[in-house]
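Contents: one structure, followed by commentary.
Laboratory data are not the source of any read-out in this text; all were calculated from the coordinates shown. No experiment lies behind these values; they were computed from the predicted model shown. All Cβ positions, even for glycine, are placed from backbone atoms using ideal geometry, and neighbour counts span all protein chains on display.
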Amino acid sequence: MLHFVLLIACAVAIYLSCEWFVNAVEWLGERLNVGRMAVGTILAAFGTALPESVVTLVAVTTGATPEAKDIGVGAAMGGPLALATVAYGVTGTMLLLQRRKRRAAAPGAPAAEPDGTAAEPRPEQALGSERELRRLAKDQSWFLPVFVVKVALGLVAFAFKPVLGLAFFAVYAVYFWREIRGDHEEDAEGVELEPLKFQPKAASPATWAVVAQTLATLVVIFFASQLFVHQLDAIGPMLGLSASVTALLLSPVATELPEIMNAVIWVRQGKTKLALANISGAMMIQATVPSGLGLLFTRWQFDAALLWSGLITMAAIGYLLLTMRAHRLTPGRLAAAAGFYVVFGLGLLAILR
């Protein structure tokens, strides 16, 4: 019973700390003068992905056995899978619920954003303009080839494979530079920032307060996420799930919970583009940084379960990329991405039998 109580308490703590984190990171983006999309793809994504990257680093560098180090390899594969399926699926579901709620509140009236920036599209309409969907597709176009290479490397063995880990760091550095140096046309929306939680009465909060709130919430997110994962590991066997199923099926969702919470919060605030940018940015980090660490410090060899997770991730991204390029990405189609995780779970159970 205690594990269930702690699980719920951790989920609440993660949600509340993420609410304070997105509030701080938007102000941080304003202080650093980066584009609105870069707030999601770089600042928020880096902050929420940092804890998982640290865990991967500890696993691959301090593991006493190759099997212990392979935990980091599993984390490097599980993160992108959960983001490409569950995170996008939850975001799509939230968008559907938001639109249904607004239509019920004001039948026949256009669904305006809470911040007054733009009207929300109806469920059958595409999520954004053709230009905005091309922008989202570009992120997926960066992710997919990098991910294909990292899966392919897990199927072969050669002497200089560890050195290729440095190439993954270089890819993220290029992506980071592209996002930070990108145009700020999206800033023309003129979105008014909510007051900083640490200084709610200040029209323009002090920089130290912005940094302090960002760091404090990241600390809470890190420890609450780790405690959440530990409770899940304990609850899995209580529900009749094997340790392998818990580690490969449930733990990835738990470790990506901060990104999912960020997306939920931004969708609730009517900032859909930031929600989607946060997920795509986190996916780029998960595809490069943990993978680079894994290549440098482990065997980076995949078994059937890891290969299956890679194939499902590629299928999910391929599906999203096609709908984005065709300008047909709707909330419903975004929510359908979660179905790929169901397919992964069914296949995983068959593989582990």
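The fewest-to-most ranking of Phe158, Phe344, Phe4 by surrounding Cβ atoms within 10 Å reads Phe158, Phe4, Phe344.
Dividing the summed -39500 (n - 2.57) terms of all DSSP H runs of n ≥ 4 by the residue count of the chain sets its mean residue ellipticity at 222 nm at -23000 deg cm²/dmol. Which of Lys138/Lys271; Lys69/Lys138; Lys138/Lys197; Lys197/Lys271; Lys101/Lys273; Lys69/Lys161 have a Cα-Cα distance over 22 Å? Pairs exceeding the cut-off: Lys69/Lys138; Lys138/Lys197. Beyond 19 Å, what share of the Cα-Cα pairs of region 288-353 is found? Please give it as a whole percent. Tail fraction, whole percent: 49.
For the pair Thr61 and Val342, the difference between a 0.36 nm per residue extended length and the Cα-Cα distance amounts to 97.9 nm.
Footprinting exposure proxy ranking of Glu192, Glu52, fewest other C-beta atoms within 10 angstrom first, gives Glu192, Glu52.
Net charge within 12 Å of Leu250 by Cβ-Cβ distance, Lys/Arg positive one each and Asp/Glu negative one each, not counting Leu250 itself? That works out to -2.
Its Cα centre serving as origin, the chain has a Cβ charge dipole (Lys and Arg +1, Asp and Glu -1) of approximately 560 debye. Our estimate of slack between Leu96 and Leu2, defined as 0.36 nm per intervening residue step minus the Cα-Cα distance, is 30.4 nm.
Among complete DSSP H helices in the chain, those whose alpha-carbon atoms stretch at least 15 Å along the helix's long axis and whose mean Kyte-Doolittle hydropathy reaches 1.6 are 339-351. Counting other Cβ atoms within 10 Å as a rough exposure proxy, the listed residues Asp303, Asp233, Asp70 run Asp303, Asp233, Asp70 from fewest neighbours to most.
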